[in-house]
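Take a look at the structure set out below.
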Amino acid sequence: MQLTTKRSIIGVLGILFLISLIFVQWMEVVRKQEEAGLAKPHIAVPASSQACVDCHRQAQPGIVAHWEGSTHARKGVGCVECHQAEEGDADVFAHFGQNIATIVTPRDCSKCHQKEALEFAHSHHSKGGNILASLDNFLAETVEGHRAPFNPHGPTPGFDVQSVNGMASAFSGCQQCHGSKVAFQSTDGGAINVDDLKPGPDGKPTNSEAVAKIARNQDQKPLFHAATWPNTGIGRLNMDGSRGSCSACHSRHDFSPRRARQPENCGKCHLGPDHPQKEIYEESKHGVAYRDLREQMNLDAESWVLGKDYNAAPTCATCHMSANTREPATHDPGERISWTNRPPISLRMDTDAEHKIVTATDPVEREKQIADTAEQKRQRMKNGCSHCHTPDYINGFYKQYDDLVVLYNEKFAKPGMQIMNELLKQGLRTKTDFDEEIEWTWFYLWHHEGRRARHGASMMAPDYTHWHGMFEVAERFYIHLIPQAREIAKHAAEHGKAEQAKAVNEVIDALLARPEHKWFKEGAEGQTEAIRKAMQERYGQGGGEKK
Amino acid sequence: MGSAKEFRTPTGAGVTIARQQTQGSVEDFIALSSVCPHLGCKVHWEAQHDRFYCPCHNGVFNPSGLGTEGPPKGQSLGRYPLLIENGLLFIEVELEGLSASEVLGAKELS
Amino acid sequence: MFGIGAWLHERIPIRGEQLREMTNEPVPNHLRRWWFCLGGTPAYLFVVQIATGILLALYYESSPDRAYESVRHITHEVAFGWYIRSVHKWAATLMIAAVILHQMRVFFTGAYRKPRELNWMVGMCLLVCTLMTGFTGYSLVYEQLSYWGATVGANINETVPLIGPLMKRLLLAGEAYNQQTLPRFFILHAAVLPVAIVGLLGIHITLLRLQGVTEFQFEDEKPDEPRHFNFFPDHLYTELIVGLVLMILLSVLATVFPAELGPKADPLTTPEVIKPEWFFYVTFRWLKLFPGTAAVLSMGFILFTMFLWPLLDGLIRRFWPKSEFSVWAGIVAVLAIVGLTVWEGAVAH
């Protein structure tokens, strides 16, 4: 080979090498841009979903853009993978050569996310739809609304109201958190839901009569009952028999783990007067630390394990669901909770094989039924706590928490419940809830104030424990509930029900004679005197001037 | 019966406990080291084949821990002495005993 | 100009002609064929490894708690970290491949024979050092393979009679993998072995220069042509071409198949499917085929035989001068190595 030939080969190769380095530089620039969020990550649309993307990019550019930013898109999970339906599904319709379903249920997600779907199915979250026949829903469906359409009270200028949908509060309120019973419109004007379709174990409807009655548009797409869809309530009752909605927390169509890790995500539902968990969290040291150190939370990381990927602060997810170095992640928050503070009287979370709370009182019977004890659940929670706190500290906190729950239970919840039961037993209040003042009083006491106190203690928010909690519970009990019960008794005695009135008064008297309530009747002058004395000793002057 | 449970001793060594009979005595149980005697990888129980298997060099051990195939043929997994007291199963290991929670775990097998 | 030249010459008393003679050794004609340049390739890749290795060492942390995280940091966050790490990994693969090819070329052309027996032995030491560098290299990542590879490697050492337990303790800094193990591997990988390789390479090349390159004559060469050509610039150009091709190849491999990060080491679970890097497939399969001590001792014996082969070959040729035994032995060895490697590569267990 001639030297000149060699030289030119070297020249060509040198240029090629340079090009390869330029290519490396280009890759680095793209990578950095993607990392900084300046450029969209490169997404290869799966062939099966290419047609969907082409069309819906015009029609709903947002959906496609959200999906493009998702882990699903990066890993090649397209539209069809989730929205695919099979022949025989209740909600299937042919859409440009594909069998498509609009609603993606936990059953669909479980095709890939099996473990998560199973844990979720065991959780109280997935049972949120049970509210549809409960006390709270009586409020929305009857007290606030009406179970049937009714005639308007008067005309609305510029808006033609033929009939009032009495269920509107239930649909837009309760069910957007708790979940709706998703339904199709029926050709006869009614609704067709899971109860009519009677899905088998494979999720396919067994009642072909009901399927035949589903109203469809000209493209054979089934029409949803507008009251029940759209809905991302966490306990949604789906037509394939599955319960819940994964998008309740993992918002479609980006399914961002980052979002599910943040307290605002839970705050869609866990707030307000009856269970202000998010506000409680924000008041606590945990929430304060999170607000301050949000940048150090590594929220974008693929793996988000406490003690490994972040340590700055805990969010709701950190303690209740996410993984830490000692405890795997779970989609059943109940696995780590030792009290349920939802009912009027808090219950220990000893659960049976069906993940239901064991309410038996006989110890032998309890042991027989319990599959997972509250203590085991608490230990799982502690495994997270222990990343930042010592065992003594954690146990001390739990002692404080237990004491507050027990105090509420024993001083107010059980006595209140006893009075309410006695009134019912003596026929001095009706079975219908919310038609008498004392029923509202009792509801405020346990459902709003009592829960605030207990939740406040559970998550270290002193103001919620006390001022928004126990203070109001006490006021509700002494200043409203007791006088109202007395008033009912008095009224009954005047109207020929002396015996019943006496029974109620006896219950109240017995309660108030107990040492913890004695001060209410007898006063507590002795106690205030003792306090004044102690203050004087401590500070050299009494709070004497004040009385 | 027939199932295996993994433990870690306080010194960090892996132990597999399996129940092989149901006579109700300590002889029902067997506690084997999960360290392969060949080159130190971790063996695991394969229920479908009724054997312990070491993925490093295809070592196979029968339920009592004796090597039957592969390089460790004829060698045995280390055995830990067991004893039962008050219905609790104890593993005797060097240095110190197991913590209460681990004993509780062992009890669940019975 | 003269001033500087004279100043320099006073301090480095060497003349231009001497320098030219030292560097511009006449190169035999057969080296125009590329496959005779394989010896230079590993040396070239070694330089690449030193350069990329220094860059990686700037970010790598050698404690078990931090190692995996630091490699993740290099791969995902450091500017060009993924590229440097990928080049380092691919250059290692190519270097080992080139060493093996070079050794095969030397073997089948009989270039190890008298008077070059010692240089073959130096070459064998270089091979062992290179393989050990590869092994310690992938142990540093602290993936599952790193952990279990190190454990198995140390236990292989333990099997050696007499000195085995001591060797294991020296390697692991204790009876089992612990906090001190990874720093040892790092020192071996980034200091001890590279220095050993530099030293051995020095001896390797010095011996080569002292004895001259083995000369071959091919049938298609005309007898009246000059039998040598100049090192500079002619052969240097060839080496440059080889070097550039390698760099392009590395760049392409690093961008198309970048080095990935497996699951983090878990001392409690050996993964269901575990395999070393390809260059240890042979030993891995060998270990599966024979019980512990037998496998280790036979491997040691084979390595020792390879080391002493020039002397054994000399003995054989003294008694049977026409014997082609070494060629046949070589073919059998190559077939065995390729066969075992393919076997290991093809099956999961």
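Across region A:299-324, which residue is surrounded by the most Cβ atoms within 10 Å (Cβ to Cβ) among those that are in contact with a Leu (Cβ under 6 Å, 6 or more places away or on another chain) and in a loop (DSSP other than H, G, I, E, B)? Let's see the steps before the verdict.
Just the residues of region A:299-324 that are in contact with a Leu (Cβ under 6 Å, 6 or more places away or on another chain), to begin with: A:312-313, A:318, A:324.
When the remaining residues are screened for being in a loop (DSSP other than H, G, I, E, B), the result is A:312-313.
Details: A:ALA312: 14, A:ALA313: 19.
So, considering only residues that are in contact with a Leu (Cβ under 6 Å, 6 or more places away or on another chain) and in a loop (DSSP other than H, G, I, E, B), the one surrounded by the most Cβ atoms within 10 Å (Cβ to Cβ) is A:ALA313.
Before we move on, is A:ALA59 aliphatic (A, V, I, L, M), at pLDDT 90 or above and within 25 Å of A:ASP202 (Cβ to Cβ)?
Values: aliphatic (A, V, I, L, M): yes; at pLDDT 90 or above: yes; within 25 Å of A:ASP202 (Cβ to Cβ): no.
No, not satisfied.
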So, first residue touching a residue at least 24 places away in the same chain (Cβ under 8 Å) and outside the structural domain of A:PRO328 (by TED's automatic domain parsing) in region A:363-392, second residue part of a helix (DSSP H, G or I) and loosely packed, with under 12 Cβ neighbours inside 10 Å, Cβ within less than 6 Å, six or more apart or across chains; the pairs are none
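From the list C:GLN211, C:GLN179, which one is away from every other protein chain (no Cβ under 14 Å), touching a residue at least 24 places away in the same chain (Cβ under 8 Å) and exposed (fewer than 13 other Cβ atoms within 10 Å of the Cβ)?
When all the criteria are applied, what remains is C:GLN211.
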**Item:** Test: residue in region A:451-466 that is touching a residue at least 12 places away in the same chain (Cβ under 8 Å), of a type in the set (Gly, Ala, Ser) and farther than 17 Å from A:ASP274 by Cα
**Value:** no
Residue count, region C:126-151, condition in contact (Cβ under 8 Å) with a residue 40 or more places away in the chain and either in contact with a Cys (Cβ under 9 Å, 6 or more places away or on another chain) or farther than 26 Å from C:THR293 by Cα (or both), comes to 5
Of those in region B:41-50 that are in a strand (DSSP E or B) and touching a Ser or Thr at 6+ places or on another chain (Cβ under 9 Å), the residue surrounded by the most Cβ atoms within 10 Å (Cβ to Cβ) is B:LYS42
Quick check: anything in region C:198-221 part of a strand (DSSP E or B) and out of contact with any Phe, Trp or Tyr (no Cβ under 7 Å at 6 or more places or on another chain)?
no
Yes/no for A:THR432 being in a helix (DSSP H, G or I), under 30 Å from A:GLU499 (Cβ atoms) and hydroxyl-bearing (Ser, Thr, Tyr) | no
Taking region B:36-52 and the residues there that are within 9 Å of chain C (Cβ to nearest Cβ) and not β-branched (Val, Ile, Thr), the one that is nearest to the chain's Cα centre (by Cα) would be B:HIS44
Exercise. Scan region C:121-142 and give yes if some residue there is buried (at least 16 other Cβ atoms within 10 Å of the Cβ), out of contact with any Gly (no Cβ under 6 Å at 6 or more places or on another chain) and over 23 Å from C:GLN49 (Cα atoms), otherwise no.
Key: yes
Counting only residues in region C:322-346 that are touching a Lys or Arg at 6+ places or on another chain (Cβ under 7 Å) and surrounded by 14 or more Cβ atoms within 10 Å (Cβ to Cβ), the one nearest to C:TRP286 (Cα to Cα) is identified as C:LEU340
Flagged pairs (Cβ under 6 angstrom, 6 or more apart or on separate chains; first in region A:89-105, within 15 Å of A:ASN217 (Cβ to Cβ); second part of a loop (DSSP other than H, G, I, E, B) and among the aromatic types (Phe, Trp, Tyr)) are none
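State whether the residues of region A:445-452 include one that is part of a helix (DSSP H, G or I) and surrounded by fewer than 19 Cβ atoms within 10 Å (Cβ to Cβ).
no
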Expected output for region C:114-125 (first residue on the phi < 0 side of the Ramachandran plot, partner assigned to a loop (DSSP other than H, G, I, E, B) and buried (at least 20 other Cβ atoms within 10 Å of the Cβ), Cβ below 6 Å, 6+ apart or cross-chain) is C:TRP120/C:TYR112
Taking region A:272-283 and keeping only residues that are buried (at least 19 other Cβ atoms within 10 Å of the Cβ) and part of a loop (DSSP other than H, G, I, E, B), one is left with A:HIS275, A:PRO276
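Within region B:5-13, does at least one residue satisfy the condition of being touching a Phe, Trp or Tyr at 6+ places or on another chain (Cβ under 8 Å) and at pLDDT below 90?
Let us first name the residues in region B:5-13 that are touching a Phe, Trp or Tyr at 6+ places or on another chain (Cβ under 8 Å), namely none.
Checked region B:5-13: no residue is touching a Phe, Trp or Tyr at 6+ places or on another chain (Cβ under 8 Å) and at pLDDT below 90.
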For region B:64-81, the count of residues that are under 22 Å from B:ALA47 (Cβ atoms) and more than 8 Å from chain C (Cβ to nearest Cβ) equals 11
Selection from region C:318-347 of residues free of Cβ contacts under 8 Å to residues at least 12 places away in the same chain and among the charged types (D, E, K, R) yields C:ARG318, C:LYS322, C:GLU324
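If you check C:PRO64, C:PRO42, which single one turns out to be closer than 30 Å to C:LEU182 by Cα and either hydrophobic (A, V, I, L, M, F, W, C) or not in a loop (DSSP other than H, G, I, E, B) (or both)?
On the way: C:PRO64 fails: either hydrophobic (A, V, I, L, M, F, W, C) or not in a loop (DSSP other than H, G, I, E, B) (or both).
Residue meeting the stated conditions: C:PRO42.
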Apart from one, (1) exposed (fewer than 14 other Cβ atoms within 10 Å of the Cβ); (2) in contact with a strand residue (DSSP E or B) (Cβ under 9 Å, 6 or more places away or on another chain) all hold for C:ILE187; the odd one out is (2)
Inside region C:251-293, the number of residues satisfying the requirement of being of a type outside the set (S, T, N, Q), within 14 Å of chain A (Cβ to nearest Cβ), in a helix (DSSP H, G or I) and within 23 Å of the chain's Cα centre (by Cα) is 3
Filtering region A:406-438 for residues that are aliphatic (A, V, I, L, M) and either surrounded by fewer than 18 Cβ atoms within 10 Å (Cβ to Cβ) or outside the structural domain of A:ILE488 (by TED's automatic domain parsing) (or both) leaves a count of 4
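I'd like the full set of residues that are within 8 Å of chain A (Cβ to nearest Cβ) and without any contact (Cβ under 8 Å) to a residue 60 or more places away in the chain, limited to region C:232-246.
First, the residues of region C:232-246 that are within 8 Å of chain A (Cβ to nearest Cβ): C:233-234, C:237-238, C:240-241, C:244-245.
Selection gives C:PRO233, C:TYR237, C:LEU240, C:ILE241, C:LEU244, C:VAL245.
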Those residues of region A:241-271 that are within 20 Å of A:GLY129 (Cβ to Cβ), assigned to a loop (DSSP other than H, G, I, E, B) and touching a residue at least 24 places away in the same chain (Cβ under 8 Å) come to a total of 8
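So, in region B:51-79, exactly how many residues are outside any strand (DSSP E or B), of a type outside the set (S, T, N, Q) and free of Cβ contacts under 8 Å to residues at least 24 places away in the same chain? Working first, answer last.
Going residue by residue through region B:51-79, those that are outside any strand (DSSP E or B) are B:55-58, B:62-65, B:70-75, B:77-78.
Add one more test, that the residue is of a type outside the set (S, T, N, Q), and what stays is B:55-57, B:63, B:65, B:70-74, B:77-78.
In the following step, the residues that additionally are free of Cβ contacts under 8 Å to residues at least 24 places away in the same chain were identified as B:55-57, B:73-74.
Residues flagged as outside any strand (DSSP E or B), of a type outside the set (S, T, N, Q) and free of Cβ contacts under 8 Å to residues at least 24 places away in the same chain within region B:51-79 amount to 5.
Out of the helices (runs of 4 or more DSSP H) lying entirely within region C:101-180, which hold 3 or more residues that are within 22 Å of the chain's Cα centre (by Cα) and aliphatic (A, V, I, L, M)?
Once the helices (runs of 4 or more DSSP H) in region C:101-180 are filtered for at least 3 residues that are within 22 Å of the chain's Cα centre (by Cα) and aliphatic (A, V, I, L, M), what remains is C:117-139, C:144-159.
Among the residues of region A:152-166, is any of a type in the set (A, V, I, L, M), touching a residue at least 24 places away in the same chain (Cβ under 8 Å) and more than 30 Å from A:TRP442 (Cβ to Cβ)?
Let us first name the residues in region A:152-166 that are of a type in the set (A, V, I, L, M), namely A:161, A:164.
Still in the list and also touching a residue at least 24 places away in the same chain (Cβ under 8 Å): none.
No, region A:152-166 contains no residue that is of a type in the set (A, V, I, L, M), touching a residue at least 24 places away in the same chain (Cβ under 8 Å) and more than 30 Å from A:TRP442 (Cβ to Cβ).
The values are calculated or read from the model by the stated rules, or taken from the named source; none is laboratory data. Predicted model, so just to flag it, every value in this text is computed and none were measured. Here Cβ is always computed from backbone atoms with ideal geometry, including for glycine, and neighbour counts include all displayed protein chains.
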